[in-house]
1. Quick one: the Cα spread of the range 10-59 along its three principal axes, in angstroms, biggest first?
2. Order these by the 10 Å Cβ neighbour count, fewest first: Asp29, Asp42.
3. Compute the relative contact order of the range 1-68 as a whole-number percentage, counting only Cα pairs closer than 8 Å that sit 6 or more residues apart in sequence.
4. Would you calculate the separation in nanometres between label points at Asn36 and Lys52, each defined as 7 Å from the Cα along the Cα-to-beta-carbon direction?
5. Work through the residues other than Met35 whose Cβ is under 15 Å from its Cβ and net out their charges, Lys, Arg +1 and Asp, Glu -1.
6. As a footprinting exposure proxy, order Lys52, Lys30, Lys47 by other Cβ within 10 Å, with the fewest listed first.
7. Arranged by the count of other C-beta atoms within 10 angstrom, fewest first, what order do Val28, Val65 take?
8. Hey, with R₀ at 22 Å, roughly what FRET efficiency would Phe4 and Leu62 work out to, going by the Cβ-Cβ distance, to 0.05?
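Please treat every number below as a calculation from the coordinates, not as lab data. All of these numbers come straight from a predicted model, not from anything done at the bench. When we count neighbours, we look across all protein chains shown, and the Cβ atoms used for this are built from the backbone with ideal geometry, even at glycine.
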Amino acid sequence: MEFFLVVEKQARESEEKTAKKSQGEILVDKAKFMMNQALGTDEAGSKDEAVKLYTTAVEFCLNAVSLSACRLSSRGKMMNFGVPPY
């Protein structure tokens, strides 16, 4: 459990350093970080812990895709009303 606290702290610190990135870019960065952690954990033989990390990485990816889809959908709706995209 302590490992997850360290990972979360590192992810938070990384997020603070990348404040200029969009939320989607931050989610992708988190997914990459978690995937690397999962691979290392998997290679070390901690399969159960690795599965949790892989799952977290996939959740970050899905959130990033969902966020992008919402933004694209909003842009299309705004353009239909003559509002320039943001």
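1. Here the spans come out as 37, 17, 11 Å, largest first.
2. Final ranking by Cβ density, sparse to dense: Asp42, Asp29.
3. Reported relative contact order: 34 percent.
4. Label-label distance for Asn36 and Lys52, simple model: 2.1 nm.
5. Charge balance near Met35 sits at -2.
6. Lys47, Lys52, Lys30
7. So the ranking, lowest neighbour count to highest, is Val65, Val28.
8. 0.70
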